[in-house]
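The values are calculated or read from the model by the stated rules, or taken from the named source; none is laboratory data. Source: prediction; values computed, not measured. Cβ placement follows ideal geometry from the backbone for every residue including glycine, while neighbour counts extend to all protein chains displayed.
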Amino acid sequence: MPEHYSSIGEAIGAAMQHNIRLAHGPDTDPPLQVRYFPPPAADPYSMPGMISRLEVTASPQDVAGIVEETTSALVGPLPQLTELVAASADWARARLNFDDPNNSSPYNLWVRLASAHQMLTLAQQDLEGAIGAIAAAPAELSHPRHHDIVQVLRTRELLHDVMGAGRTETASEEKRQQAALAGSPTAAPRPVNSATAASPPTAAAPRTTGCTR
């Protein structure tokens, strides 16, 4: 099974199919691999990090900076995705064959990838034009009754938020702090059991010398 999935539902479906194959026949796929997804706060300028920062209460300047970072020509994820789709279209272009009129699959593939590239290019232009309007937007939230007129567009949560992996890091941090306090020379003494403290130490039996008759 592949290691990367486009959505949580796809990953769950693939895992279910994998379990069905294990139950009904020999397994020909390699074993499942576990991939660690770092929390969005680990890299605020990654795509999950920027999405987590895009709360409705964020300031207009912060949102404008995030969108500008997304469309940056050097490291922006949107230009990189656009170039990836362009490279995919060029890959399909190298396989065009117009000598066989019955085989139009390579051309249809190129048309689809070229259309996706054009849409991404237009999306980047729209976002670049919206940066100034985002920065000039009011910082205060409007009344909620106005929000129901248009629909919410975000329908997916971050994978790290869904899996809830933050608790493991919190527990590890707590254990690390406890270990640091225990090894500190200024740490408070541990409480002693009252029963153990009250009983005096038992004297060792005297050692006898000589022979016994």
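Can you give me the number of residues within segment 109-121 that are polar (S, T, N, Q) and closer than 13 Å to Ala94 by Cα?
Matching residues across segment 109-121 total 0.
Residue pairs whose Cβ atoms lie under 6 Å apart, sitting 6 or more positions apart in sequence or on different chains, and linking a residue in segment 37-50 that is on the phi > 0 side of the Ramachandran plot to a partner that is at pLDDT 80 or above and assigned to a loop (DSSP other than H, G, I, E, B), do not occur here.
If the condition is being closer than 19 Å to Glu128 by Cβ, surrounded by 14 or more Cβ atoms within 10 Å (Cβ to Cβ) and not hydrophobic (A, V, I, L, M, F, W, C), then segment 73-108 contributes Gly76, Pro77, Pro79, Thr82. Out of curiosity, is Met50 modelled with pLDDT under 75, in contact with a helix residue (DSSP H, G or I) (Cβ under 7 Å, 6 or more places away or on another chain) and either surrounded by 15 or more Cβ atoms within 10 Å (Cβ to Cβ) or under 30 Å from Tyr107 (Cα atoms) (or both)? Answer is no for this residue.
Can you spot a residue in segment 138-149 that is closer than 17 Å to Ala86 by Cβ and either surrounded by 10 or more Cβ atoms within 10 Å (Cβ to Cβ) or in contact (Cβ under 8 Å) with a residue 12 or more places away in the chain (or both)? Before the answer, list the steps.
The initial filter retains those residues of segment 138-149 that are closer than 17 Å to Ala86 by Cβ, namely none.
Checked against the condition, which is being closer than 17 Å to Ala86 by Cβ and either surrounded by 10 or more Cβ atoms within 10 Å (Cβ to Cβ) or in contact (Cβ under 8 Å) with a residue 12 or more places away in the chain (or both), segment 138-149 yields no hits at all.
Go through segment 77-121 and count every residue that is assigned to a helix (DSSP H, G or I) and touching a helix residue (DSSP H, G or I) at 6+ places or on another chain (Cβ under 8 Å).
Step one: filter segment 77-121 for residues assigned to a helix (DSSP H, G or I), giving 77-93, 105-121.
In the following step, the residues that additionally are touching a helix residue (DSSP H, G or I) at 6+ places or on another chain (Cβ under 8 Å) were identified as 77-79, 81-82, 85-86, 88-89, 92-93, 106, 109-110, 113-114, 116-117, 120-121.
Counting residues in segment 77-121 that are assigned to a helix (DSSP H, G or I) and touching a helix residue (DSSP H, G or I) at 6+ places or on another chain (Cβ under 8 Å) gives 20.
Scanning segment 109-123 for residues that are surrounded by 11 or more Cβ atoms within 10 Å (Cβ to Cβ) and hydrophobic (A, V, I, L, M, F, W, C) gives Leu109, Trp110, Val111, Leu113, Ala114, Ala116, Met119, Leu120, Ala123.
Could we say that Arg145 is at pLDDT below 60, more than 19 Å from Ile51 (Cβ to Cβ) and not hydroxyl-bearing (Ser, Thr, Tyr) here? Walk me through it before giving the result.
Values: at pLDDT below 60: no; more than 19 Å from Ile51 (Cβ to Cβ): yes; not hydroxyl-bearing (Ser, Thr, Tyr): yes.
Spelling it out, it is not the case that Arg145 is at pLDDT below 60, more than 19 Å from Ile51 (Cβ to Cβ) and not hydroxyl-bearing (Ser, Thr, Tyr).
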